[in-house]
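A.B. asks: Next up is a structure, given as structure tokens.
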Amino acid sequence: MAGKAAEPGVIWARPERTGRGPRPAFTRADIAAAAVRIADARGLDAVSMRHVAAELGCGTMSLYNYVPRKEDLHELMIDAVGAEHEIREPSGDWRADMIRNAQETRGIMHRHTWVPRLMSGVYGFSPNTLRYLEHCLACLEPLGLPYSVKMELVALLNGVVTTYTANEIATAERTRSMPWSEEEENAVRIAYLGSQVATGKYPLLAAAFMADSGPIDLEAVFRRALERVLDAFDPECRGA
């Protein structure tokens, strides 16, 4: 079948062009940018070799000369948006640097809402991904832990950011699809929840709601989630 490689491969191990023949009409950056535009405008499911080829103005089959598989196309897309990470000189405060990195990742995901669906260790070999991981390890230099533990910290923090942001994106998309306002839906659900708690079947939930019944500060919740992950690796918090 066209586009299906017989063996596993890494797109970055393939030369972008050989020294023979005419100069290619497109670069990987061109292809990635076209795919990202489609995903941003119409969602990840709209990204196909046919649609990307149409965006570039070339034949679908000719695109396979540049990108053998759709999975490779996804990897190009992840690398393209990874370039949006701003690589700054580490400040020496590893916690502050990692929180900034996490917040920046969240911002990228909100700009490209399809990214959480593609977050996978499989796509960890692209140039911009490696660049970002190297930066994270540089930020973590003051933390006296083995590199294996630092890599675990980076992975766990990225997992929290991805899960949290994916939920934000899903909630926003659901809200946009409803024929009523978010406020109307929340009012109905809160009223139902109140009626259930009032039955006395859920005394612990009732106590929890009574203790903190105000609006949830989602930004504060996100920051606390990051801090708690970092606490688990901070020798000072662990009493080491």
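The values are calculated or read from the model by the stated rules, or taken from the named source; none is laboratory data. Nothing here was measured: the structure is a model prediction, and the numbers come from that model. Every residue, glycine as well, gets a Cβ built from its backbone with ideal geometry; the counts of neighbours run over all protein chains shown. The accessibility values were calculated without ligands, DNA or RNA, using every heavy atom of the protein model including side chains. Shrake-Rupley method; radii C 1.70, N 1.55, O 1.52, S 1.80 Å.
A.B. asks: Tell me the relative contact order for region 78-148 as a rounded percent, counting alpha carbon contacts under 8 Å between residues six or more apart.
C.D. replies: Across region 78-148, relative contact order equals 51 percent.
A.B. asks: Any chance you could give the angle, 0 to 90 degrees and rounded to 10, that helix 182-197 forms with the longest Cα principal axis of the chain?
C.D. replies: 50 degrees
A.B. asks: Still on this structure, I have one more. Rounded to the nearest 0.05, what FRET efficiency is calculated for A225 and A13 with R0 set to 35 Å and r the Cβ-Cβ distance?
C.D. replies: Values: r = 36 Å, r/R0 = 1.04.
Rounded to the nearest 0.05, the efficiency is 0.45.
A.B. asks: Same structure, new question: Among A187, A13, A170, which one shows the highest mean-square fluctuation when the chain is modelled as a Gaussian network with alpha-carbon springs under 10 Å?
C.D. replies: Most flexible of the set in this elastic network: A187.
A.B. asks: For region 149-222, just run the numbers: alpha carbon Rg, then divide by 2.2 N^0.38 Å, N being how many residues it has.
C.D. replies: Compactness ratio reported: 1.49.
A.B. asks: Between T60 and V188, what is the label-point separation in nm under the 7 Å Cα-to-beta-carbon projection?
C.D. replies: 4.1 nm
A.B. asks: Could you calculate the FRET efficiency of R88 with A198 from 1/(1 + (r/R0)^6), where r is the beta carbon distance between them and R0 is 41 Å, rounded to 0.05? Walk me through the numbers before you get to the answer.
C.D. replies: Values: r = 52 Å, r/R0 = 1.27.
Step by step, r from the Cβ atoms, then E = 0.20.
A.B. asks: Tell me, what % of the accessible area of region 82-179 is carbon and sulfur with a 1.4 angstrom probe? Before the final figure, lay out each step's value.
C.D. replies: Details: 2920 of 5010 Å².
Whole-percent figure for carbon plus sulfur exposure: 58.
A.B. asks: So which trypsin sites (Lys or Arg not before Pro) in region 84-163 are both in a DSSP loop and have at most 13 other Cβ atoms within 10 Å of their Cβ?
C.D. replies: R88
A.B. asks: Per residue, how many Å² of accessible area does the chain show with a 1.4 Å probe? Present the calculation step by step, with values, prior to reporting the outcome.
C.D. replies: On the way: 14410 Å² over 240 residues.
Accessible area per residue, the chain: 60 Å².
A.B. asks: Next question, about the same structure. From the convex hull of the Cα coordinates of the chain, what is the mean projected area in square nanometres?
C.D. replies: Result: 19.2 nm².
A.B. asks: Could you grab the relative contact order for the chain? Cα pairs under 8 Å, six or more apart, rounded to a whole percent.
C.D. replies: Reported as a whole number, the value is 18 percent.
A.B. asks: Over the residues of region 110-159, compute the C-alpha Rg and express it relative to 2.2 N^0.38 Å.
C.D. replies: It is 1.24.
A.B. asks: Stretched out fully, how many nm does the piece from I108 to R174 gain, at 0.36 nm a residue minus the Cα gap?
C.D. replies: Once the chain is fully extended between I108 and R174, it gains 21.7 nm.
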